[in-house]
Amino acid sequence: MTAGRVIALAGNPNVGKSTLFNRLTGLHQHTGNWPGKTVENARGRCTFAGQEYLLVDLPGTYSLLAHSAEEETARDFLCFGHPDACIVVCDATCLERSLNLALQVREISPRTIICVNLMDEAAKKGVHIHRQVLENTLGIPVVTVSARDGRGIEKLLETVEKVCTEPEKGPLPLPVPEEARRAVGVIEPVLRQQGASLPQWASLRLLEGDTSLKNTIKEQWKIGGTLLDRTLILAQKELEKSGLTSETLTDRTVASLAKGAEEISRKACKNKGRSRVSQQLDRILTGKWTGIPVMLLLLAGIFWITIAGANIPSQWLWEGFSWLGEAMSAGLIAIGAPPWLEQVLVMGIWRVLSWVVSVMLPPMAVFFPLFTLLEDLGYLPRVAFTLDHCFQKAGACGKQALTMCMGFGCNAVGVTGCRIIDSPRERLVAAITNSFVPCNGRFPPPLKGRFLSHQKGKKKDRYIKYSGP
């Protein structure tokens, strides 16, 4: 058996990457951190045709334009870890989104293999992937698999073996904007002289203002900090002369990747299940003039159903707990318990527990299933897309709209959900401001007052006292 080859496993979150990793490695795996990183990754070994492979399951990421620790870990390993090959796991049901990452990995890893997973789910949804068209367009091997039932795994391993034994090709030429060529020409020769393996790619990323990559380049390629900083200042001046800034260059890069992924997906993916009605719904739900009104109506409807629908179970729970409280009080009196003990057990512990469960549980039991239904229907990403422009004006992220909505059900859940936001600064802003969203424990004080007044009128519980707002 020959020495092991290192194979990186990259992909978006929730594309079945971990399922594929487990299918390939079985129980021969463990987790750990790469030096200097705190993001945990999984590593495992598998053997095929007498060759041992070390598989590295990189953190799920949507892009190598790093905005989070997970993205930095994936990018740095692909750039500086020198894997023998990289498998990019794509979602067959949403190929366009996965191709965005695949195009970026192809730029820095010549030995890239596209693994289109979830083919069984795609077939159920009427999605057909033309593998040969996708392979010819990308210029790299493409394998279709269904990791859950093991279909296509053998073909994937054969492709990995073939790619690893072929002579390594150089990095692909990048589509550099005409206005940025002079600026790239300032940095690229310096990086090349210092032995950088990806000088053109690194030049573009540095011009886009990726400070985390600059620090890693200094460390990994042993480039003097003063030399790199001075060269970058000269390149930034050349970029400004061309009428570009780091932000506009980044926007062009992102737009180019999105356009490329869309064109490739259009050629290689045929969605028979997507009708014109579905496309019209997209235009309405994310339209410039219709997106926000529709969103407000839907969310208002959910809030109304939550508040109105929770009244009846809240009343039932309160009556049941009150009856049990009276029974407990009567039992304590019957056995001769002192009044202070009755006050502590019934008016203290039992009354507080009854209040929390009766008032908070029913709204949460109604709100979160409705919110989950919107997520399953694919509407929540459309909400984030619709509000992203508005939130950006406030220095926040459109995804914060989702955490704020979750905060109406429970602030703890809303703050925990802030981890979906990539930028550390925007994540912190969302976590802090989310605490000001009135969750269902604070949202309906008038409702509580009406509920308790109703109970007082029925005179079912002589202990009910409400002095809240």
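The values are calculated or read from the model by the stated rules, or taken from the named source; none is laboratory data. Because the structure is a prediction, the values reported are computed rather than measured. Neighbour counts run over all protein chains shown; Cβ positions are idealised from the backbone, glycine included.
Observations, loosely collected:
- In region 367-397, the residues that are surrounded by 15 or more Cβ atoms within 10 Å (Cβ to Cβ) and acidic (Asp, Glu): Asp388
- Lone qualifier among Phe371, Phe408, Phe385, Phe367 - being more than 20 Å from Pro293 (Cβ to Cβ) and in contact (Cβ under 8 Å) with a residue 40 or more places away in the chain: Phe367
- Within region 50-86, considering residues that are more than 21 Å from the chain's Cα centre (by Cα) and among the aliphatic types (A, V, I, L, M), the one surrounded by the fewest Cβ atoms within 10 Å (Cβ to Cβ): Leu54
- Count - residues of region 314-337 that are in a loop (DSSP other than H, G, I, E, B) and touching a helix residue (DSSP H, G or I) at 6+ places or on another chain (Cβ under 9 Å): 1
- Filter result for Leu296 (in contact with a helix residue (DSSP H, G or I) (Cβ under 6 Å, 6 or more places away or on another chain) and either in a loop (DSSP other than H, G, I, E, B) or assigned by TED's automatic domain parsing to the domain that holds Cys405 (or both)): no
- Residue within region 373-388 that is more than 30 Å from Ala300 (Cα to Cα) and not acidic (Asp, Glu) present: no
- Residues within region 315-352 that are of a type in the set (A, V, I, L, M), under 23 Å from Gly409 (Cα atoms) and without any contact (Cβ under 8 Å) to a residue 12 or more places away in the chain, tallied: 1
- Test: Glu262 is part of a helix (DSSP H, G or I), at pLDDT 85 or above and exposed (fewer than 15 other Cβ atoms within 10 Å of the Cβ): yes
- Any pair with Cβ under 8 angstrom, 6 or more apart, that starts in region 242-260 at a residue that is at positive phi and in the same structural domain as Asn100 (by TED's automatic domain parsing) and ends at one that is polar (S, T, N, Q) and not in a helix (DSSP H, G or I): none
- Scanning region 141-165 for residues that are closer than 22 Å to Gln51 by Cα, part of a loop (DSSP other than H, G, I, E, B) and without any contact (Cβ under 8 Å) to a residue 40 or more places away in the chain turns up Pro141, Gly152.
- Any hit, region 455-464, residues being under 30 Å from Thr211 (Cα atoms), acidic (Asp, Glu) and modelled with pLDDT under 80: no
- Residues that are buried (at least 21 other Cβ atoms within 10 Å of the Cβ) and not polar (S, T, N, Q) within region 97-106 comprise Leu99, Leu101, Ala102, Val105, listed in sequence order.
- Where helices (runs of 4 or more DSSP H) fall entirely within region 341-410, those with at least 1 residues that are under 30 Å from Ala327 (Cβ atoms), more than 18 Å from the chain's Cα centre (by Cα) and polar (S, T, N, Q) are at 351-376.
- Test: Ala330 is surrounded by 15 or more Cβ atoms within 10 Å (Cβ to Cβ) and over 24 Å from Trp304 (Cβ atoms): no
- Gly225 vs. criteria modelled with pLDDT under 80 and not assigned by TED's automatic domain parsing to the domain that holds His82: yes
- All conditions but one from (1) surrounded by 13 or more Cβ atoms within 10 Å (Cβ to Cβ); (2) at positive phi; (3) in the same structural domain as Leu78 (by TED's automatic domain parsing) apply to Glu135; the one that does not is (2).
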